[in-house]
Amino acid sequence: MNFKKKLILGNGTILLLMLTILMVMYFSVKSLVLTSNWVEHTHDAIHSGNSLASFMVDQETGMRGFLMTGQEKYLEPYNSGQEQFNKLIKETITLVSDNPDQVTRLESVKSEAKSWMENVAKVYINKRRLLTENASLASLLSISSGGEGKVYMDRIRKLIQEFTDAEEKLMEKRSKDAQNSAAYSQQIAIFGALFTIILGGGILWLIINVLTKRMTVLVDSISRVTKGDLATKVDDDGNDEFSTILKALSKMIGSLNRQLKDTTSIANLLASSSEEMLVRGEEMKNTTQEVAAAIQQMAEGAQQQAQQTDEVNKLMEGVLDSSGIVAKKSERINNAAEEGQKNSIEGLEAVRVVVKNMKEIQVSADRTSDSIIVLSKRSDKIAIALSVITDIARQTNLLALNAAIEAGRAGNAGRGFAVVAEEIRKLAKDSRKSAIDIERVIGEVQKDIANAAQEIKAMTSNVKNGTVASKEAENVFEKIEKGSNDTFLLSKDILEATARQKGDINASVKNIGDIVVVAEETATGTSQIAGSGLILSQGMNEVTATSEDLTNIANQLQDNISQFKLE
């Protein structure tokens, strides 16, 4: 059986045992919970029985209180007790519905309580209501003198006591069952855990023992191999995982034996070949060094020739670049001349427009100056008219004042006239004030008109000067336009000449460039040959060094292989 199956079997046995114990404990705990629920059920039933007795006492107490006092408020315990008793008797019957005997007892209690209610309580209460509130004690005692109420209450108490006694007996039985279930569950848990620990420990010990023995064999075999003992025999009996590892180790040792034997043969052959290669390499090294020296001299001459040709090419390229720069600058000059010609024409047109506008501005300024003079004269006339209005308002004010005085002398007959005179005086006063304000504004307007006239006069003078200057600028721009046209024609001729010169130089540079390419190819070829010679010489040095290293490696390999013990 392999190690995997042993582990599965051992752990599976332990898990199966634990599962069995868990199932037994589950049913034990389930039984314990059920028993505990029945105990709780019994407690509720006993409490309900005691509460039923208490509610009957409340009803009897309320009834007797009413019988003694005749006051309705003393019936409150009777009414509430009756309501709570009826509600609780139904709930208790439902609670113990699993026990027919208890249900019968509760039905008897319910019947007796109803009989007490009909035959005793209601009868006594109705009799008391027929009496006055201050009835004599003898009359009150005569109501309940028959003793019927005590008979009913004794039967009810007896039935409730039988109910609670039966529940007490059930309580004892169910409590004992709960204790037994708890003890049984504890025993199963303790003994099951102990048994599981013992069985699991035994299985674990067996597995560890087998594992340790097989691991010891494996470690011992690997230790001998690491020490170089490849002649060892590995014990690979069995069919578990360790046997598979040991068989693989045995195959590995056999393979190492074969490979080391082959490696020994190769190392011997490598040592002899590397020594012979070292001798041949020294001879080739000397020969290649002589060839490399001769080729190096040829390469230096070709390189010098290529450098001289390249310098000539660079000079021609410089001339070509200069001609290109001259051509570009000539083109820029031509463009600038053309642009200058256009700008001079546009400037001339703009100046002519300015001259025209200046003439129109001068005409407008003359018209504005004439308008200002007319406006000044008219404002003077307005000032004279306002002066007359002011005098009239002053005279009207005096006349109104005199009229008011005369009206005052006339007494009641002149009172209406006095009012009119007062209003005329106020209007005259307001008119005078308005005339003064208008006169002040007219004065300011005249002042502004005078200032505007001076500004217009100065502007007219400036416009005349601007017109003269614009005319002079027009003459200058006409001269500039003529000069720009001449410059443009000259720059165009220069541009065409530089273009022809650039074409000739470009052809010369191309021919020299071809010569440079041939010279460079020649120099490059000789340099490559010289470089190849140097590389070949260096390669031969490396071959010699490699041969020496290879000889050392072969010797070291032989020493290392000799440390192993082969079959």
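Work out how much length Ile405 to Trp205 would gain on full extension: take 0.36 nm times their residue separation and subtract the Cα-Cα distance, in nm to one decimal. Mind dumping the intermediate values first?
Values: separation 200, 0.36 × 200 = 72.00 nm, distance 15.05 nm.
Answer, rounded to one decimal: 56.9 nm.
Contour minus end-to-end for Asn286 and Lys433, with contour as 0.36 nm per residue of separation and end-to-end as the Cα-Cα distance? Mind showing how you got there, number by number?
On the way: separation 147, 0.36 × 147 = 52.92 nm, distance 13.49 nm.
So the chain would gain 39.4 nm between Asn286 and Lys433.
Compare the peptides 87-97, 40-50 by average per-residue count of other Cβ atoms within 10 angstrom and give them in order, highest first. Write out the running numbers ahead of the final one.
Details: 87-97: 15.6, 40-50: 17.5.
Taking the mean over residues of other Cβ atoms within 10 Å, the ranking is 40-50, 87-97.
Put a dot 7 Å past each Cα toward the Cβ at Ser364 and Leu130; how far apart are the dots in nm?
13.3
How large is ³J(HN,Hα) for each residue in segment 77-91, as worked out from phi by the Karplus curve 6.51 cos²θ - 1.76 cosθ + 1.60 (θ = phi - 60°), to whole Hz, x for Gly and Pro?
With coefficients 6.51, -1.76 and 1.60, one gets x, 5, 5, 5, x, 5, 5, 5, 5, 5, 5, 6, 5, 5, 5 Hz.
Can you give me the P(r) profile for segment 3-217? Cα pairs, bins 5 angstrom wide beginning at 0, each as a whole percent.
Going from the shortest bin to the longest, the percentages are 1, 6, 11, 11, 9, 8, 7, 6, 5, 5, 5, 4, 4, 4, 3, 3, 2, 2, 2, 1, 1, 0, 0, 0.
Pop the C-beta distance of Gln296 and Glu317 into the FRET formula with R0 = 30 Å and round what comes out to the nearest 0.05. Don't skip to the end; give the middle numbers.
On the way: r = 30 Å, r/R0 = 1.02.
Between Gln296 and Glu317 the formula returns 0.50.
At R0 = 45 Å, how high is the FRET efficiency between Glu148 and Thr94 if r is their beta carbon distance? Nearest 0.05 is fine. Please list the in-between numbers first.
Values: r = 31 Å, r/R0 = 0.69.
Using R0 = 45 Å, I get an efficiency of 0.90.
Round to the nearest 0.05 the FRET efficiency obtained for Met68 and Lys176 when R0 = 41 Å and r is the Cβ-Cβ distance. Each step should come with its number before you reach the end.
Values: r = 49 Å, r/R0 = 1.20.
Result of the calculation: an efficiency of 0.25.
Starting from the Cα-Cα distance between Lys213 and Lys247, subtract it from 0.36 nm times their residue separation and give me the gain in nm to one decimal. Walk me through the numbers on the way to the answer.
Details: separation 34, 0.36 × 34 = 12.24 nm, distance 1.62 nm.
So the chain would gain 10.6 nm between Lys213 and Lys247.
How do Phe55, Phe191 rank when sorted from fewest to most other Cβ atoms within 10 Å of their own Cβ?
Numbers: Phe55 22, Phe191 11.
Fewest-to-most ranking of Phe55, Phe191: Phe191, Phe55.
What's the ranking of 196-202, 156-162 by average number of surrounding C-beta atoms within 10 Å, highest first?
Descending packing order for the listed peptides: 156-162, 196-202.
The numbers here are math on the coordinates, done by the rules we state, and not lab data. A quick note: this is a predicted structure, and the numbers were derived from the prediction, not measured. Neighbour counts run over all protein chains shown; Cβ positions are idealised from the backbone, glycine included.
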